[in-house]
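Notes to accompany the following structure.
Taken together, the values in this text are just the output of simple stated rules run on the coordinates, not laboratory data. Nothing here was measured: the structure is a model prediction, and the numbers come from that model. All Cβ positions, glycine included, derive from the backbone under ideal geometry; neighbour counts span all protein chains shown.
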Amino acid sequence: MHLRSFTARNMPEAMAKVRAALGKDAVILSTEDEFGVGIRVTAAVEEEAETSNLAMAPDAFEAVDAIAAALDYHNVPRHLTERLVNSASILPADDWCLALAGAIDEALSFAPLPTKMSTRPLVLFGVNGAGKTSTAAKLCAGARLAGRGGSLITMDADKTGGLAQVSAFAEALGARLDRARDGKELAKAIGNSPSDHLIVVDTMGVSPFEANDMRQLKAAVADLDIEAALVLPAGSDAVESAETAIAFAEAGATCLIPTRLDAARRMGGFINAAHAAGLAMMGAGNSPNIGAGLLPLNAVVLARLIVPEKLHWSAHSGDAADPQSLRTGHG
Ligand SMILES: Nc1nc2c(ncn2[C@@H]2O[C@H](COP(=O)(O)OP(=O)(O)OP(=O)(O)O)[C@@H](O)[C@H]2O)c(=O)[nH]1
Ligand SMILES: [Mg+2]
């Protein structure tokens, strides 16, 4: 996959640049407002590029070292670092951040946030305090912004203060609130929710290593047509995060929503979790404030989180980052 970023005053101008450089098969991966310029569009095309290539660039060795150092800083386990570095080193790209994005795209999968449109209810799994209720509220806030209603179903109403917290969120967000204690009640609550609503189910925090709790969680959603996402705080140990993710995947999770990106420096935990359990990254919590919503995640966004902006390196400029500085340059 060949990735490139373009800046332009507006979308039609950006699309013209994308088509001229990458052809009609190019797909847009992300668009961002670029202060004082207009917009920045990152696009990708599958076919081999004829022009710049990280592997052909004169500073390719420094670039590969810098990618490895960035992944090392984030405590990404060695086997995954090797896989990403190997892919990045042979991918055609204009800078090594985009080469890393291409490698991430090959190794991990991503799913869109369900706020704008989704047909299946999203059930949030996770350990105590992972950020499940906040994430449920952020998703309902996002649905509201997208002009859609939200229905919040809590399976954690019996916890002290649990119902009060979720009721306060639902009231503030104008979301419908229902409660369910088991799979049967959950099926009923889902059936009672308007079909055009985003339906989010907030579950009780459970330990992934308590077999009985995990069996109950799995049984509660087993017969339902739902999607389940694991809510997992960033900054945790990579092996612990992977074991947690594998246990929740076994209970039915197919997606991952990392939280507390704002309060963590190392992203290796949730990256390893997604890779080990085969979970698609959906979006991330980046603030304790519900109004901040969730950060949509894709390969480019994740690569930019891994690589500090001041150390981005361009194959065109030849301005290589000092890999050593990556070990101390985050934050
Ligand atoms: N900094 C930061 N804090 C967060 C984020 N998401 C959640 N929190 C905070 O983490 C704490 C726990 O969040 P909850 O949403 O209550 O977590 P939970 O998983 O529902 O917790 P239990 O219901 O007790 O299992 C709260 O203080 C939240 O404000 C985030 O993205 N960034
Ligand atoms: Mg909660």
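Observations
- Applying 0.36 nm per residue to the separation of Leu145 and Val27 and subtracting their alpha-carbon distance, the gain on full extension is 39.9 nm.
- Sites count as exposed loop sites when they are GluC sites (Glu not before Pro), lie in a DSSP loop, and have at most 15 other Cβ atoms within 10 angstrom; the longest stretch of the chain without one is 51-209.
- Here's how it looks for Ser109: its modeled amide H is under 5 Å from those of Met281, which are all 5 or more places away or on a different chain.
- Shape call, segment 122-297: gyration tensor on alpha carbons, a/c limit 1.5: oblate
- Ranking Ala180, Ala299, Ala276 by how far each Cα lies toward the positive end of the dipole of the chain (charges on Cβ) leaves Ala180 at the top.
- In the chain, the longest principal axis of the Cα atoms and the axis of helix 11-22 are about 60 degrees apart.
- Trypsin sites (Lys or Arg not before Pro) within segment 215-266, DSSP loop, no more than 13 other Cβ atoms inside 10 Å: Arg265
- Over all distinct Cα-Cα pairs of the chain, the Kirkwood formula returns a hydrodynamic radius of 20.9 Å.
- With Cα atoms, 0 to 90° folded angle of helix 132-145 axis to the chain main axis: 80 degrees
- FRET efficiency estimate (nearest 0.05) - Cβ-Cβ, Asn289 to Lys159, R0 25 angstrom: 0.65
- Each Lys and Arg Cβ is given +1 and each Asp and Glu Cβ -1; about its Cα centre, segment 167-310 then shows a dipole of about 320 debye.
- Spin-label model, Arg19 to Ala168: label points 7 Å out along the Cα-to-beta-carbon direction sit 5.2 nm apart.
- Rounded to the nearest whole Hz, the Karplus-based 3J(HN,Hα) values (6.51 cos²θ - 1.76 cosθ + 1.60, θ = phi - 60°) of segment 243-260 follow the sequence 5, 4, 5, 5, 5, 6, 5, 4, 7, x, 6, 10, 10, 10, 10, x, 10, 6, with x at glycine and proline.
- Sites Asp225 and Met11, calculated FRET efficiency, Cβ-Cβ separation with R0 25 Å, nearest 0.05: 0.10
- The longest stretch of the chain left intact once loop-based chymotrypsin sites (Phe, Trp or Tyr not before Pro) with at most 15 other Cβ atoms within 10 Å are removed from consideration, loops following DSSP, is 36-208.
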